[in-house]
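A short write-up of the structure that comes next.
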């Protein structure tokens, strides 16, 4: 039995962790170190991005906050509101990773304030990709509207009969992961595609996880799932894993939600997956990505109208029309065809 | 300022409020949800760890079914409950609640073979997806049902006063959206208070940030009768550190798929509580735990604010973590799991008492005003009970508003409330910030109206609160802006909290016995001869007065007259 009482060292003391690398560093021993690196009373330097009152440029205001045992970012914010800046605006309700409303960016990374250990030097900023109301409070409307538009609820093909209905955890494996979502918006803020604004119609990781709760549920009718998926712009996701890296609920967002949803989309609404099918077909046949063939396949003859871009790509060696037109294969073509399946080759 | 007209204003977006709104909407009655947090994302419902199996559902034996009822009446409510209501509720949970939730898509955790996973033992339970986190998918589902039904909601909006018709009945709500700073007067034919069980009235409380006893304060000001306001439940093993984790519980309940449960150790490392061994009938063993802790504190082996430990070092990790979230707290601190025990402390949890209601309709003593769920004084918390109230109140309201009533906008009341709130926002005295006054109040409650109470401490708390009242007019708000002004919200909150704290203390002085989690050092005995009764609190011309109302005992009775409370199991 180990009694963890105040002041007990919990493990070796390690150097400060770079906030940007937390996703890679959160192993057991590192966490213990992060939670015991500071001693009660030690001063943290906390810089908080604040909205100017009445209006003007945002400012970073610095505070010195005494460390308390196992202090979370939220404790530091509460200390500031109680002792130094009563007018600091930040949202939270539960303080225990359930309501998902206290997410902020700490040293450039999205964290849940109630869940993340403090750092000796912290810069706290509001989430990205949502309008700031004041200080650290963001307007969630954009996300809420998107989720509502996806109608993430179940429509049964067969009428419900009795409790409990036949269902196994295996069938619910991916949906069950999505059900851990507390819609904290960490992933939404971290997503580079959402960061592109209106350039794409991508719904974003958080709405997709919400949709995954019912779209990956075997009880839902495929017709209903298809209608929802058509509104997601899901193939704009570049699978960069930023969402997964910051998720405080440890949901494998890309591998267990977005990828299965993409597969479901390819099945139920294949026209949305044209780009994906084309890429897969080209790789399966030629053993390599052929950007020229890909553009031709997806955009058709329209692509030829963009002469300037074609020239630029030619000069940079990005496309090779001769190889494309002759359909030259690489030595990997055989293996690629085998791995991706003959079906893909036909596409 | 805008005026909105609806059939029914529902204040609160938790289990009771959402279900009431859904049921009203199904009947063609238009509800409007006014939620101080976000619907389904704040308040106590979010914390539902698992769902107790009622009646004969899911292979429950006759004995299991009876145990569940006995547990609810004894351990959860210490007999201060309408047993007939409890019976109706149990039947409804068995027949309607589970099937309806599952039909809507709630995932009751299965194993790979398709069996619903339960906790074994005398009382069984299930989880929505994961034990310890059931409230999250449960309330998320409600949020989506509300959206699907097209029910209007005003979120991050605080109800600041009830609007009254000339005949004294309640005819609406005045509220403030504290994110935009906009006032709205909601004119309605009925108002349902569903503001929940737990309020943050003590330094350590499980209530979420926005819970400041608004429902009780609004009802009291409207003249509604309250009861059992002294009956306060406690969590005995919430994390002692950090402060924001004061509602992070090391769950003592039976676990899904395991015969074991968490244990508690005193400062000397001696085990003093292990639910599955100490009292298997105490499914949510919070009162049993509390009594065990009181003995440790009196022996100098623990403090109410720490110095004792809880954890799962008697289990293996897989046993705990296959179906529960219980490991997350330890893992997030980097503590070896399950080998480490975490320092824990007491937090005030559910208020058992609240607004006096007719349990067949959820009417309060004021026409037009209803209460459902935790804010009612008729029962103590389980998410199923709160949900059932949502159904009952919808039926009650539907029957009453069939009679047409002209909705008039009480202009004078609206103007007065605008002035009061404007004045609070521009508080520019030399005194403390409203948030500071809130903390001072919570400290007084923690120190003088905490787990163990006595008349002299309680009276001294009243004196302290009276002094604190003098601070209210001189509070200082730094930023007089309207948008996301949490100082302003604190100023509104503290006005409610201070009134309710006084009522809690007066009620505590009135109940001259100890009962379950209500522990009086000066009256250590549970006194069924004189106090197996509701401690009814009524507003009178010169303040307040108390009445007693005995309970019927059709199903279970205590079976003794007087006994040292610490020797009573429940």
_Residue ID - nearest to the other protein chains (Cβ to nearest Cβ), chosen from residues in the range B:449-471 that are surrounded by 16 or more Cβ atoms within 10 Å (Cβ to Cβ), in contact (Cβ under 8 Å) with a residue 40 or more places away in the chain and part of a helix (DSSP H, G or I)_ = B:471
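Residues checked against (1) under 26 Å from residue B:110 (Cα atoms); (2) in contact (Cβ under 8 Å) with a residue 24 or more places away in the chain; (3) in contact with a strand residue (DSSP E or B) (Cβ under 8 Å, 6 or more places away or on another chain); (4) more than 10 Å from every other protein chain (Cβ to nearest Cβ):
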position	(1), (2), (3), (4)
A:180	yes, yes, no, no
A:187	no, yes, yes, yes
A:200	no, yes, no, yes
A:203	no, yes, no, yes
A:207	yes, yes, no, yes
A:214	yes, yes, no, no
A:217	yes, yes, no, no
A:220	yes, yes, no, no
A:226	no, yes, no, yes
*asked:* With more than 19 Å from the chain's Cα centre (by Cα), surrounded by fewer than 19 Cβ atoms within 10 Å (Cβ to Cβ) and within 24 Å of residue B:176 (Cβ to Cβ) as the only criterion, which of B:367, B:432 stands out?
replied: B:432
*Restricting the range B:233-260 to residues that are more than 9 Å from chain A (Cβ to nearest Cβ) and over 17 Å from residue B:286 (Cβ atoms), which is surrounded by the most Cβ atoms within 10 Å (Cβ to Cβ)?*
B:256
*asked:* Name the residue that is farthest from the other protein chains (Cβ to nearest Cβ), counting only residues in the range B:473-484 that are crowded, with 18+ Cβ neighbours inside 10 Å and touching a helix residue (DSSP H, G or I) at 6+ places or on another chain (Cβ under 7 Å).
replied: B:475
*From the list B:98, B:19, which residue is in contact (Cβ under 8 Å) with a residue 12 or more places away in the chain, assigned to a helix (DSSP H, G or I) and more than 30 Å from residue B:227 (Cβ to Cβ)?*
B:98
*Does residue B:106 fit the bill of being at pLDDT 95 or above, more than 20 Å from the chain's Cα centre (by Cα) and more than 10 Å from every other protein chain (Cβ to nearest Cβ)?*
no
_Cβ-Cβ distance below 6 Å, separation of 6 or more or different chains: which pairs start in the range A:152-174 with a residue that is at the interface with another protein chain (Cβ under 7 Å from one of its Cβ atoms) and touching a residue at least 40 places away in the same chain (Cβ under 8 Å) and end on one that is part of a loop (DSSP other than H, G, I, E, B) and surrounded by 13 or more Cβ atoms within 10 Å (Cβ to Cβ)?_
A:154/A:219; A:154/A:220; A:154/B:105; A:172/B:107
*asked:* Among the residues that make up the range A:149-158, is at least one of them part of a helix (DSSP H, G or I) and under 19 Å from residue A:210 (Cα atoms)?
replied: yes
*Quick one: residue B:121 ticks every box in (1) over 23 Å from residue A:98 (Cβ atoms); (2) facing chain A (nearest Cβ under 10 Å); (3) touching a helix residue (DSSP H, G or I) at 6+ places or on another chain (Cβ under 9 Å); (4) not in a helix (DSSP H, G or I) bar one, so which box is it?*
(2)
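This table checks each residue for (1) in contact with a helix residue (DSSP H, G or I) (Cβ under 8 Å, 6 or more places away or on another chain); (2) at pLDDT below 95; (3) surrounded by 15 or more Cβ atoms within 10 Å (Cβ to Cβ).
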| site | (1), (2), (3) |
| --- | --- |
| A:28 | yes, yes, no |
| A:45 | no, no, no |
| A:52 | no, yes, no |
| A:59 | no, yes, no |
| A:73 | no, no, yes |
| A:76 | no, no, yes |
| A:81 | yes, no, yes |
| A:92 | yes, no, yes |
*Has the range B:212-232 got any residue that is assigned to a loop (DSSP other than H, G, I, E, B) and within 14 Å of chain A (Cβ to nearest Cβ)?*
yes
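The values are calculated or read from the model by the stated rules, or taken from the named source; none is laboratory data. This one's a predicted model, so the numbers in the text were calculated from it and none came from an experiment. With ideal geometry, Cβ positions are generated from the backbone for all residues, glycine too; neighbour counts draw on all protein chains shown.
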